[in-house]
Amino acid sequence: MSFFSKLKDKFIKKEGKEFKEENVSLEVYDKGLTKSRNTFSSRLLDLTNRYSKVNEEYFEELEEILIMADIGVNTVMNFMEKLRKRVKDEKITDPEFLKEVIVDELFIIYVSGEVLSTNLKRNETNPTVYLFVGVNGVGKTTTIAKLASKEKEKNRKVLLIAGDTFRAGATKQLKEWSERIGVDFYGKSEGVDPASVIYEGLEYAINNDIDTVLIDTAGRLQNKTNLMMELEKINRVIKKLIDRAPDETLLVIDATTGQNGISQAKSFKEITDLTGIILTKLDGTAKGGIVLAIKEEVNLPVKYIGLGETAKDLQEFDIEKYIYSLFKDFMEEENE
């Protein structure tokens with residue numbers, strides 16, 4: 001049984017309360033990946049329907065489709081090499097049969113090598129601290145708010161710290177979100193040293209039995225040296241107060257920026273210790289393959305993906321739901 005057939009069994013044939021709750025999340029994936037699925041699957045289906053036999057022209061067109069899906073040139077080259085080998089070893093000639101192999105190999109890209117946990121770490125001794133980094137405009141502040149809302153739903157006491165004191169309006173924006181959600185907030189006026197704000201905010205968290213602290217930071221990547229020094233100082237402050245590094249340092253990337261987002265991930269990885277990525281606005285792009293490129297080129301786990309405007313649409317990343325939602329039209333065509 002192919003990997004995709006197993007997914008169909010998992011997501012379609014089960015019944016009961018647990019499956020229904022799981023299915024709510026699957027529906028968010030399904031809806032959020034509509035644009036990518038419609039574009040990606042239609043191109044793959046068209047390719048399959050136009051060729052009666054797997055040949056070099058077929059491979060060349062498939063390669064172009066994958067690159068256009070933002071999977072990334074290096075990732076696609078590695079994938080095509082493995083695919084050609086399987087076609088040769090297994091003597092595959094029918095493009096219809098190759099569909100399952102394509103999906104299986106794309107799945108293997110993400111799960112091969114080091115096992116990357118998608119769960120956010122928590123600390124037994126409060127507070128758990130999450131540090132957010134990323135360039136301006138990627139949806140960092142909104143993502144922090146959505147995660148804060150999810151934390152509150154788990155009956156945790158939450159604090160937002162406005163560590164981006166350089167961008168005009170950033171502190172005010174985060175404060176407004178805290179009031180809307182109904183969680184605690186700590187911030188100072190614009191231009192104040194971010195590390196001092198974070199120090200005082202963490203003191204507040206410790207003194208007020210806060211469970212989860214979410215810290216916003218500046219995203220001035222154009223000056224790597226200054227940003228690196230700033231993040232080093234922030235990490236020293238955090239370690240001084242909670243006696244450890246942040247439980248998670250999460251890079252927020254806008255999926256619609258495509259390969260530029262991969263470049264951002266590589267740059268931030270050079271200047272600070274990242275533990276994971278949150279990929280926003282995945283519902284707004286027809287190039288959903290960026291998830292696979294991130295794993296192959298940056299080797300960081302995607303912890304959450306943004307699939308819409310509401311807190312519900314910020315979903316914990318699940319490679320099975322992602323693959324199923326992205327390729328279901330492509331795979332189910334053969335059974336119609």
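In table form, for the structure just shown:
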| read-out | value |
| --- | --- |
| Hey, Lys269 basic (Lys, Arg) and under 26 Å from Ser149 (Cα atoms) or not | no |
| Among (1) at pLDDT 95 or above; (2) within 29 Å of Glu309 (Cβ to Cβ); (3) of a type in the set (A, V, I, L, M), the one test that Ala170 misses | (1) |
| Unique match (being closer than 15 Å to Ile238 by Cα and in contact (Cβ under 8 Å) with a residue 24 or more places away in the chain) among Val135, Val129 | Val129 |
| Residue satisfying all of: in the range 259-315; touching an Asp or Glu at 6+ places or on another chain (Cβ under 6 Å) and open to solvent by 20 Å² or more (accessible area, probe 1.4 Å); farthest from Val111 (Cα to Cα) among these | Lys281 |
| Residues located in the range 80-127, provided they are open to solvent by 90 Å² or more (accessible area, probe 1.4 Å), outside any loop (DSSP other than H, G, I, E, B) and under 12 Å from Val54 (Cα atoms) | Lys88, Phe97 |
| Strands (runs of 3 or more DSSP E) wholly inside the range 158-234 containing at least 1 residues that are in contact (Cβ under 8 Å) with a residue 60 or more places away in the chain and of a type in the set (Asp, Glu) | 212-216 |
| Residue within the range 277-289 that is over 18 Å from Lys146 (Cβ atoms) and modelled with pLDDT of 90 or more present | no |
| Filtered residues of the range 292-306 (kept if in a helix (DSSP H, G or I) and out of contact with any helix residue (DSSP H, G or I) (no Cβ under 6 Å at 6 or more places or on another chain)) | Ile294 |
| Asp318 vs. criteria in contact (Cβ under 8 Å) with a residue 40 or more places away in the chain, open to solvent by 20 Å² or more (accessible area, probe 1.4 Å) and over 28 Å from Ala168 (Cβ atoms) | yes |
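The values are calculated or read from the model by the stated rules, or taken from the named source; none is laboratory data. Note that the coordinates shown come from a computational prediction; the quantities given were computed from them, not determined experimentally. With ideal geometry, Cβ positions are generated from the backbone for all residues, glycine too; neighbour counts draw on all protein chains shown. Remember, those area values only see protein heavy atoms, side chains included, never the ligands or the DNA or RNA. Shrake-Rupley method; radii C 1.70, N 1.55, O 1.52, S 1.80 Å.
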